[in-house]
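Below you'll find the structure, written out as structure tokens, and then a few comments.
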Amino acid sequence: MTTLALLGGPPLRTRPFQTWPQFDQAEVDVLADVLNSRRWGGIHSGSQGESFETELAAYLQVPHAAVVSSGTAGLMIALRALGIRSGDEVVVPAMTYVATATAVSLLGGIPVFADVDLATHTITSSSVKAAISEKTKAVIAVHLGGHPADMDSLGTVADTYGIPIVEDCAQSLGATWNGHQTGSLGTIGVFSFASTKNITAGEGGAVVTHDDELAARIASLRDHGRPPGGTGDHPELGWNLRLSEFQSAILRVQLARLKDHLAAKAKGAAYLASELSGVPGLRPVPMPADLDPRVTAHGRLSFAFTFDSEAFDGAGIGGASVSVFRAALRAEGIPVSRRSLVACPDEPIYADATNCDYSSSRTASASQARAACARLVLLGQAAGSGLLLDEPTELADVVRAVEKIHENRHHLRREQRQLGRIHV
Ligand SMILES: *Cc1c(COP(=O)(O)O)cnc(C)c1O
């Protein structure tokens, strides 16, 4: 039996997987075009930004899209456009990237954490209902990892209480629910184009909506409070959260490549789901269509599986921890997420009441979010890797590495305490 790489043995894989982000000569060419045009920023007709907005809106089947500087900026604009003010409550998932909640806090609002479904990691309508108070002004649904939240039942709650839904689509570009793109299902949809997202210009974001009035407010809020097509006066308070022309030009190329990427990643994820389900102690998050046929396409930002410590118990005295398991996988040459996930209410900014003025929050429910975070291992862009684009012949090394670690679990257990003190 070969020694685990974590304990000094040879790594199972030394060749890299596909990298992320991906680009080719097309990105290089459009960057040069923008440079030569001498129009590098601002809002003007015939711009790269305007073209990208038109192309994104057509892809998502929405009438309005506005590019912004980041996903967080997009969430802040969306909430401000909906009239969120200091002291207002916004229901957010207890499990998400923290920016979903901090966007609320940065406007002086109060994020109210509501629990997620244990299988899909998306916010449930029953937890949202229980979290709503007379101060609730909006709900943010996050399509985490690319898995669409149940927009049917969330839509029913929104209608019942008269509360708008903002879709946080930072991780779900290309995912569909009942055949409709995420971002086109709620009142406002927000996308991020940061480095790990499905298309990227390093940074960037977009805000989309069906509503003409909201679209005008969104366009104004990102551009110093100047209404689009106005005189240049500043009738309302706005930010400068515009995107540069270099970024928009890259995003146009990236959007054209999205369809091929989604198809390749769907194939990679299907392979991993079927192969990893045979390994004791691992439970791949079920394939979306098996969980819910209304998920007609998954965004596939990541491939997630849960790790059962007991099944990796070599000595009968408690198994290897998930962080040691992740470190062992990385040592074998498999890029998995480095850090443990943390439920949002447990992030220091919200858990530590003395932190600062902005950390006011309320937790309605979070037990399933905490349970999921404690056991999840992520592959793919969430771990900074393009591995899901690889062919099954390459991905077979992921399965072999997991099997190797399981076979050597006795050694892992023995080394665990020492390793815990080193960097895991
Ligand atoms: C990435 C991300 C954001 C923030 O987007 P930025 O572009 O990094 O500001 C918000 N919500 C979720 C779920 C994300 O994954």
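The values are calculated or read from the model by the stated rules, or taken from the named source; none is laboratory data. This structure is a prediction, so every number in the text was calculated from the model and none was measured. Neighbour counts are summed over all protein chains in view; Cβ atoms, including those assigned to glycine, are modelled from backbone coordinates with ideal geometry. Surface areas here come from the heavy atoms of the whole protein model, side chains and all, with no ligands, DNA or RNA. Shrake-Rupley method; radii C 1.70, N 1.55, O 1.52, S 1.80 Å.
What to note about this one:
- On the stretch given as the range 352-370, residues that are at pLDDT 95 or above, part of a helix (DSSP H, G or I) and of a type outside the set (D, E, K, R) total 3.
- Evaluation of Ile77 against (1) hydrophobic (A, V, I, L, M, F, W, C); (2) over 21 Å from the mean Cα position of the chain (by Cα); (3) within 16 Å of the ligand (Cβ to nearest atom) (one fails), failing number: (2)
- Breaking point among (1) more than 19 Å from Gln61 (Cα to Cα); (2) open to solvent by 10 Å² or more (accessible area, probe 1.4 Å); (3) away from the ligand (no atom under 16 Å from the Cβ); (4) modelled with pLDDT of 95 or more, for Gln247: (3)
- Screening the candidates Ser86, Ser51, Ser69 for the property of being within 16 Å of the ligand (Cβ to nearest atom) and either modelled with pLDDT under 95 or surrounded by fewer than 22 Cβ atoms within 10 Å (Cβ to Cβ) (or both) yields one hit, Ser69.
- Residues that are in a strand (DSSP E or B) and more than 10 Å from the ligand (Cβ to nearest atom) within the range 93-125 comprise Ile110, Pro111, Val112, Phe113, Ala114, Val116, Ile123, listed in sequence order.
- Members of the range 162-175 that are at negative phi and either open to solvent by 20 Å² or more (accessible area, probe 1.4 Å) or within 12 Å of the ligand (Cβ to nearest atom) (or both): Pro164, Val166, Glu167, Asp168, Cys169, Ala170, Gln171, Ser172, Leu173
- In summary, strands (runs of 3 or more DSSP E) completely within the range 259-334 and bearing 3 or more residues that are of a type outside the set (S, T, N, Q) and within 19 Å of the chain's Cα centre (by Cα) occur at 302-307.
- In the condition set (1) open to solvent by less than 10 Å² (accessible area, probe 1.4 Å); (2) within 16 Å of the ligand (Cβ to nearest atom); (3) closer than 24 Å to Val342 by Cβ, Ala131 is compliant with all but (2).
- Lys137 satisfies every condition listed in (1) in a loop (DSSP other than H, G, I, E, B); (2) open to solvent by 10 Å² or more (accessible area, probe 1.4 Å) except (1).
- Which listed residue, of Asp308, Asp290, is in contact with a Lys or Arg (Cβ under 8 Å, 6 or more places away or on another chain) and either among the charged types (D, E, K, R) or at pLDDT 80 or above (or both): Asp308
- Residues that are more than 10 Å from Pro111 (Cβ to Cβ), in contact (Cβ under 8 Å) with a residue 60 or more places away in the chain and in contact with a Gly (Cβ under 9 Å, 6 or more places away or on another chain), drawn from the range 85-101: Tyr97, Ala99
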